[in-house]
């Protein structure tokens, strides 16, 4: 007799195997034959919850499941090696090629490659003409760089609570926060979900405001079929290894005019213009340059972007299906005919009274990485101490920041690993 028993342990999900005929174990878990250590299971009960699991872990302890991984192979290796062998590691042709390929991809007239998304946000705020004391309306639910870029130029971040469904800024709430001191909007496509661009462009036009878009998480997202980054205002992308494509570190800003591009390129290179003498500096600038090795990696990655986006869609859809009836967590809003997300991270929201830190600790004990996503910016001491923000000011953002949990997510995440993540999450959500 062969029996498969689901064991709730730290690293083993199915362990008891004896020889004999196929047998349906307690809780309805059915093996596939004599002596097997893998079995197809459906609706295999885990305590009081049920999850569809199509494969069972082997007897050996399970491998850890990391939070993210880039989609790279010998193509990227060859591209980087070619640059190394060329001997030209900076100020070379790969940067120009990367800018050209990215501009074509996002539908922007110009793209300037930079050392990070943060650098792009900073230079976008400079392009908006922000001076000390100017107000900039933005979201409290984002990676902190979107607010930091405002503060770099002496601007005052004016936070507005987010929409409960999309977690992006609500246009009506943004317009209500505008004052005579408001000079710009820094808008974030949170978790790769595009903004309501029509509404925000109308608001900016009515009030004479600049827009800087933080699209660092949204490469490949579309609004009404149009690529994020193609709407004319500065839009910033980032290429950290957990993003859709990576350059290791790196970023870029999509721009609408050649003059903007030339200014950004100068600012990113210590204010140099190189008109006439080699070291001609017409303005105070920064070292925000991207190098040739990173650009070569980026070109190779962009050639795979359609495949990367499709694979990430598949992983997200599997999670959606596995988590559809799991109690105690909420999922991100789905796409529709107007908004199409580009999957950056897969975030769930842990419902009270379950404690998120407890869930994370239980997942970690089973070898599964997770991470809070994202803490509300205004509650970070760098902002609460400086500007006097306090809890309760932006309740939707605060709740999302306190409950958001990123699960393992990348192109190479297997179906069996996702099933293991969900099974572990169900156990971790228990209040006992």
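The values are calculated or read from the model by the stated rules, or taken from the named source; none is laboratory data. Because the structure is a prediction, the values reported are computed rather than measured. All Cβ positions, even for glycine, are placed from backbone atoms using ideal geometry, and neighbour counts span all protein chains on display.
Note on segment 359-386: residues that are farther than 21 Å from residue 191 by Cβ and part of a loop (DSSP other than H, G, I, E, B) total 2. When residues in segment 74-97 are screened for being under 19 Å from residue 263 (Cβ atoms), assigned to a helix (DSSP H, G or I) and in contact (Cβ under 8 Å) with a residue 40 or more places away in the chain, 1 of them pass.
Search segment 239-262 for residues being out of contact with any helix residue (DSSP H, G or I) (no Cβ under 9 Å at 6 or more places or on another chain) and closer than 19 Å to residue 76 by Cα, and hand back the single one that is surrounded by the most Cβ atoms within 10 Å (Cβ to Cβ). Talk me through it step by step, then tell me what you get.
Within segment 239-262, the subset out of contact with any helix residue (DSSP H, G or I) (no Cβ under 9 Å at 6 or more places or on another chain) is 241-242, 256-259, 262.
Imposing the further condition that a residue be closer than 19 Å to residue 76 by Cα reduces the set to 241-242.
On the way: 241: 14, 242: 18.
By that ranking, first place goes to 242.
Within segment 327-353, the set of residues being in a loop (DSSP other than H, G, I, E, B) and surrounded by fewer than 17 Cβ atoms within 10 Å (Cβ to Cβ) comprises 327, 333, 334, 335, 336, 337, 338, 351, 352, 353. For the subset of segment 270-288 comprising residues that are under 28 Å from the mean Cα position of the chain (by Cα) and surrounded by fewer than 18 Cβ atoms within 10 Å (Cβ to Cβ), which member is farthest from residue 83 (Cα to Cα)? Step by step, filter segment 270-288, then rank; the result is 286.
For residues that are within 25 Å of residue 70 (Cα to Cα) and in contact with a helix residue (DSSP H, G or I) (Cβ under 6 Å, 6 or more places away or on another chain), tally how many sit in segment 416-432.
Keep residues of segment 416-432 that are within 25 Å of residue 70 (Cα to Cα), which gives 416-425.
With in contact with a helix residue (DSSP H, G or I) (Cβ under 6 Å, 6 or more places away or on another chain) added as a condition, the list becomes 418, 422, 424.
Residues meeting the conditions: 3.
In segment 263-277, is there at least one residue being within 29 Å of residue 196 (Cβ to Cβ) and out of contact with any strand residue (DSSP E or B) (no Cβ under 7 Å at 6 or more places or on another chain)? Among the residues of segment 263-277, at least one is within 29 Å of residue 196 (Cβ to Cβ) and out of contact with any strand residue (DSSP E or B) (no Cβ under 7 Å at 6 or more places or on another chain), which makes the answer yes.
Table: residues versus (1) more than 20 Å from residue 128 (Cα to Cα); (2) modelled with pLDDT of 95 or more.
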position: 243; (1), (2): yes, yes
position: 252; (1), (2): no, yes
position: 259; (1), (2): no, yes
position: 265; (1), (2): no, yes
position: 283; (1), (2): no, no
position: 292; (1), (2): yes, yes
position: 295; (1), (2): yes, yes
position: 299; (1), (2): yes, yes
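For segment 150-191, give me the residue count where each residue is in contact with a strand residue (DSSP E or B) (Cβ under 6 Å, 6 or more places away or on another chain), part of a strand (DSSP E or B) and over 18 Å from residue 218 (Cα atoms). Going through segment 150-191 one residue at a time, the tally reaches 5. Condition check for residue 226 on (1) modelled with pLDDT of 95 or more; (2) surrounded by 16 or more Cβ atoms within 10 Å (Cβ to Cβ); (3) over 25 Å from residue 84 (Cα atoms): one failure, at (2). Among the residues of segment 400-420, those identified as assigned to a helix (DSSP H, G or I) and under 19 Å from the mean Cα position of the chain (by Cα) are 400, 401, 402, 403, 418.
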